[in-house]
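J.: This is the structure I have questions about; it appears just below.
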Amino acid sequence: MAAAGDEPGSDPAGGARFFCTAGRGLEPFLMREVQARLEATQVEYVSGKVFFTTHSDLTSMKKLKSAERLFLLIRKQLPIAIPSLSKGKLLTELQRLINEDPGSWLKAISLWRKLLERDKKGEKVSQRDVNVLKRKMGGNEIVLAKKLKPEEKQMVEESQGEGQRDGLPEDSLEQGDAITKTDQLQEHGLQDDMVKAADTQNQDLTFRVSCRCSGNIRKAFPPQEAGRVVGIALMRKFGWKANLRNPHLEIFMHLSDTYSVLGIPLFRVPLASRTYIQTAGLRSTIAWAMASIAEIKAGALVLDPMCGLGTILVEAAKEWPDVYYMGADVSDSQLLGACDNVKAAGLAEKIDLLKVSVTELPLPSQSVDVIISDIPFGKKFKLGKDIKSILQEMERVLRDGGAMVLLLSEDHHRYLRDCGGNGIPLTSQDNIADPEMNPDKRTGTSDTASPSCKTSSSQCLSRVLPCGSLVPVECFKVSLGKTDAFICKYEKVHAPGLSPAGHHEPGAHQQMAALQESPHLQDSSEPQSSSAQPLQMGAAKEQPC
């Protein structure tokens, strides 16, 4: 098999090669983030993964917000040619992943040790949480046992049976669907066993293999068997010992029709697991991605008029703290959950929550700099009538030049595209991809992640939505697990025939300060709303969250 040229570096100070997994469609966001946050170079992608080189330490990489998990790269190469190989030759090809270049494995282990030694904070997870993660991963995580010991063989069989019963979708490992509302993993400081591994000699290392197969290779060779073959080869080559429950080292392997990737997970807890989110709603990586393209500036007023559990507001306030945030919703239960999340994140002084309808916002016209919101999906939401009235009210409170970022279902996106004439086409990622490893280039299709298509001012004016002054800027198709959605950015422009309203710079929100004292703030030109009220907690009848 021809290697694609990605090998681990020899020292963190000289730059090392890593990759992150990401939800489908979030690759462009993650590529931008590693470049901006880590000053990464050689940034490229395959579907669901972003590869990059950086000098950053683990503490810096832990701050990535659009990634699911972080790995030190061992090898990345072209796929195993399944149709042309017998099963015996296929076994040989799997063994060659280890035996062909053992030096790359030793370099990766050396670099992994140095990274752990230099990580002053690390992570600590209870054994119960580790077991929860393993159990939820199911069929996507196949744990390897030592071949010669019967008790270890039995442990492997139990793990395999557990995975086969789970039945998670194939991309769930990439999207971190194993983290649920009740089983969310928590960080507790230093991961003792991983730090101790830095002082362990090579021959004393314990390991397990997590194997994922997709496409034709999954049909020809189950992940259980592929993982077993690779595990036995590692034991024979380096003398490592298998350990299912608490290994020093985990090897992640993904074999697909477009690439073969091997890496070492650097954190036991996924990056996408937020310790400050008490009640999970919208996935945090999606919420952060939405906020990242909203062009939030210091002193701005950011509104989520359908905030639900407040995930978008929390993610935005964590990243852009010098901003005034406001959330609104009509559901008491959702607002209570949002209040819990806001308090847990330590953002009660930065985020105000109101119980009010999105179609009757008690705000002056053109008083909001940025709107970010997840438009509800479902049969109860009347597609045409409701979304039009919602957009009209959002348009009213958004200032000229302000940005609006919405998460839309496929039906909502189609409706707005049809109503607005020409929508924003989803383009391919040819301009940002690795030409050797990009499955889109290899197959000539573009049905995976799509970067934005930015429009010029003249193009925007020809694509105005029914509300009059909202024009599309860019659009991303993303996966929510069982369904797809669209992150769409709009800008408000002054449309001909509309009376201009006072434009203000971010920070000019004296009127907003009064809203905290009077939840019924009204402007003489605004629709009257008698339902607006701050979120009430227990006996604190007049205090917002």
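J.: Out of ALA291, ALA280, ALA328, which single residue is touching a Leu at 6+ places or on another chain (Cβ under 6 Å) and either over 23 Å from VAL34 (Cβ atoms) or not basic (Lys, Arg) (or both)?
T.: ALA328
J.: Can I ask one more? Condition check: open to solvent by less than 10 Å² (accessible area, probe 1.4 Å) and modelled with pLDDT under 95. Does SER333 satisfy that?
T.: no
J.: Right, next: For the stretch 163-183, does any single residue satisfy the condition of being small (Gly, Ala, Ser), assigned to a loop (DSSP other than H, G, I, E, B), surrounded by fewer than 15 Cβ atoms within 10 Å (Cβ to Cβ) and modelled with pLDDT under 50?
T.: yes
J.: Tell me, which helices (runs of 4 or more DSSP H) wholly within the stretch 212-309 include 2 or more residues that are in contact (Cβ under 8 Å) with a residue 12 or more places away in the chain and crowded, with 19+ Cβ neighbours inside 10 Å?
T.: Once the helices (runs of 4 or more DSSP H) in the stretch 212-309 are filtered for at least 2 residues that are in contact (Cβ under 8 Å) with a residue 12 or more places away in the chain and crowded, with 19+ Cβ neighbours inside 10 Å, what remains is 223-238, 284-292.
J.: Being touching a Cys at 6+ places or on another chain (Cβ under 8 Å) and either open to solvent by 10 Å² or more (accessible area, probe 1.4 Å) or at pLDDT below 95 (or both) is the filter here; which residues of the stretch 338-371 pass it?
T.: The answer is LYS343, ALA348, ASP352.
Table: residues versus (1) surrounded by fewer than 19 Cβ atoms within 10 Å (Cβ to Cβ); (2) among the acidic types (Asp, Glu); (3) more than 15 Å from the chain's Cα centre (by Cα).
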{"residue": "LEU30", "(1), (2), (3)": "no, no, no"}
{"residue": "LEU38", "(1), (2), (3)": "no, no, yes"}
{"residue": "SER47", "(1), (2), (3)": "no, no, no"}
{"residue": "VAL50", "(1), (2), (3)": "no, no, no"}
{"residue": "HIS55", "(1), (2), (3)": "yes, no, yes"}
{"residue": "SER60", "(1), (2), (3)": "yes, no, yes"}
{"residue": "LYS63", "(1), (2), (3)": "yes, no, no"}
{"residue": "LYS76", "(1), (2), (3)": "no, no, yes"}
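J.: Would the stretch 65-74 turn up any residue that is at pLDDT below 95 and outside any loop (DSSP other than H, G, I, E, B)?
T.: Checking the stretch 65-74: not a single residue is at pLDDT below 95 and outside any loop (DSSP other than H, G, I, E, B).
J.: Regarding the stretch 421-428, can at least one residue be identified that is more than 30 Å from LEU78 (Cβ to Cβ), in contact with a strand residue (DSSP E or B) (Cβ under 7 Å, 6 or more places away or on another chain) and modelled with pLDDT of 85 or more?
T.: Checked against the condition, which is being more than 30 Å from LEU78 (Cβ to Cβ), in contact with a strand residue (DSSP E or B) (Cβ under 7 Å, 6 or more places away or on another chain) and modelled with pLDDT of 85 or more, the stretch 421-428 yields no hits at all.
The values are calculated or read from the model by the stated rules, or taken from the named source; none is laboratory data. Since the structure is predicted, the reported quantities are computational estimates derived from the model, not experimental observations. Positions of Cβ are backbone-derived with ideal geometry, glycine not excepted, and every protein chain shown enters the neighbour counts. For the accessible areas, the whole protein counts, side chains as well, though only heavy atoms, and no ligand, DNA or RNA atoms are used. Shrake-Rupley method; radii C 1.70, N 1.55, O 1.52, S 1.80 Å.
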